Structure formats: C-alpha cells, structure tokens
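Below: the structure, in structure tokens.
The values are calculated or read from the model by the stated rules, or taken from the named source; none is laboratory data. Only a predicted model underlies this, so the values are computations on that prediction, with no experimental measurement involved. For neighbour counting, all protein chains shown are included, and Cβ atoms are generated from backbone atoms with ideal geometry for every residue, glycine included.
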Amino acid sequence: MGFGIYISLRIFNIPDITTDGSYTLGAAVTASLLTQGIALPLVVLIVMGAGALAGACTGIIHTRFKIQPLLAGILVMTSLYSVNLNIMGRSNLPLLGVENAAGMFRFLPSIQTQWLLLLLVIIIFLVAFLSWFLKTDFGVSMRATGNSELMVRALGVNTQNMKVIGLAMANALTSVSGFLVCQFQQFSDINMGIGIVIFGLGSVMMGEAFISILKAPSILKRLLGVVLGCVVFRLIVAVALDLGINPNWLKAVTAVIVLLVVGIPNLKKSSI
C-alpha cells in the first residue's frame, strides 16, 4: 500500500482516496475466492486486476470527465463499498481453515516466521521491480508527467493515459495489501479500509523524512525509504497502544502522527 500511495502521490501528485476502497476490494475478492477453493496464484492475479480496474476508473473519471482527482477518488471509493459488500455477500467473511499465502513456508517453525519471510520476499521483489520499471522509458515518462505535464505533452506523450495507468498500478498494489492482510487476520470486513489511506500517507511522509537526510536520493533509496517509513510508522502506532491508549482512539492517534510528521518540517521552514 505504501508503494501504491508513493506512485499516486509522489509521482503523479494525486491524493488518491480510492485506496480506502481498493484495499477492502483486495480483501473482499480474496476472502470470496479462497472460500470457494480457488488457487492462490489465480486469486493474486484476480485481486490485482480488480484493484487496477478500480484505479483505472478513478483515472478515467479524472482525465476524461475532467473531475478533480480527489472527488474522482471519493466517487470510486463510495461505489466500491457497495461492490465489496456484494462480493462478500455480507459485511464480514471469515477465513478459518483456509490455506493462506504463508503456507508455502511451512518448513519454518512458527506462523509469525512464515509471514515475516513472505513479506520480505514480496518487499524485495517490489523494490527491485519498481526500481527497474521507473527507470525505463515508460517509467521516466510517468515520472515526467507528474513533474511537468505540459512539457511532457509537448513531447507527444499522452499524459491522460499515463495517469490512468499509474493509478491502475497504484491500486493494484493496494489491493495486494488487502489480499495479504485479509489472510493474516483470517477475515475480511467491509469497514477494514476506512481511513487506511492515512497509514499509507504517514508511511510515505515518514520515509521521505528519512530520505531527505541523504543527498541526491535515487529511486531505489526512495523506495527503501517507503519501506522504512511503513515499518517505523507501524511501530509508533504499536507503542502508542502499548502505552495504554484506547483502541477506539487509534484512528485519531494515527491522524495526529501524520499531522506531526507533515507539519513540523513546514513549521521549521516558516520560522526560518
């Protein structure tokens, strides 16, 4: 999800609220297909396709209908609530007794170790793939679209298609996040994506804070910064809960953390 938000927010400068819906969409499709006995490799492909379709819808509404990207994301996110509810058939769908993705590492002693290894493999693959992809001609065109859309359009690049493809990629990654979390917690819930975009935004912002320390950050360093930001952000939330904060206030605490991460550097700049 952090990588998906990095693509939409930092490459295209689009605050994509579709994330809340596509995250739940990935979980809903996963739970529905796994309970029907569909093989995991096929489930992953379908989940990515569903997330990409959701992102493409947001991109088309924004580029073709000239709707502001924030409103376009809200429209698709709202629509996905009904879509997800119909996919699951009810508000909560358990996955007890269903084989999960971490099962491929059964040779490891504990389920926690199995999930840790699975996540490490996924992170290494995504960092390597995105680092390569964003340096290709197509990836450079995507990055240039976010930096200077008018210049890229003057060079003959279809910036509208670039935005649609970029948002499709971002939400495909987000839906895979829902795919993993659904299996880890062994259920899918219609409300599990509400406010999840704040976690992603906070992770990306925190990762950028780490990367700003390094001079001339490369694409690889930025992607590693996103990973580090995700880990640190989750650790901060875990520590907050350990200190006795009521779980009912978790979303508010998360919003405050994001506010501090984003706002404090701006306060320092304004004071200078």
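Can you tell me how many residues within the stretch 172-198 are in contact with a Gly (Cβ under 6 Å, 6 or more places away or on another chain) and at pLDDT below 95?
Number of matching residues: 0.
Restricting attention to the stretch 1-13, and to residues there that are touching a Lys or Arg at 6+ places or on another chain (Cβ under 9 Å) and closer than 8 Å to G166 by Cβ, which single residue is surrounded by the most Cβ atoms within 10 Å (Cβ to Cβ)?
Taking the candidates together, the pick is F12.
What residue, among those in the stretch 16-72 that are within 20 Å of the chain's Cα centre (by Cα) and outside any helix (DSSP H, G or I), is surrounded by the most Cβ atoms within 10 Å (Cβ to Cβ)?
Per the criteria, the residue is D16.
So, M88, is that one touching a Ser or Thr at 6+ places or on another chain (Cβ under 8 Å) and not assigned by TED's automatic domain parsing to the domain that holds V231 or not?
Yes, satisfied.
Looking at the structure I just gave you, is T18 out of contact with any Cys (no Cβ under 9 Å at 6 or more places or on another chain) and in the same structural domain as V176 (by TED's automatic domain parsing)?
The answer is no for T18.
Among (1) in contact with a His (Cβ under 9 Å, 6 or more places away or on another chain); (2) assigned to a loop (DSSP other than H, G, I, E, B), which single condition is M192 missing?
Evaluating M192 over (1) in contact with a His (Cβ under 9 Å, 6 or more places away or on another chain); (2) assigned to a loop (DSSP other than H, G, I, E, B) leaves (1) as the failure.
Looking only at the stretch 187-245, count how many residues are of a type in the set (G, A, S) and within 24 Å of I17 (Cβ to Cβ).
Qualifying residue count, the stretch 187-245: 10.
Name, by its number, the condition in (1) over 18 Å from C182 (Cβ atoms); (2) more than 22 Å from the chain's Cα centre (by Cα) that does not hold for M104.
(1)
Which of the residues belonging to the stretch 213-246 are exposed (fewer than 15 other Cβ atoms within 10 Å of the Cβ) and at pLDDT below 80?
Across the stretch 213-246, the qualifying residues are I213, L214, K215, A216.
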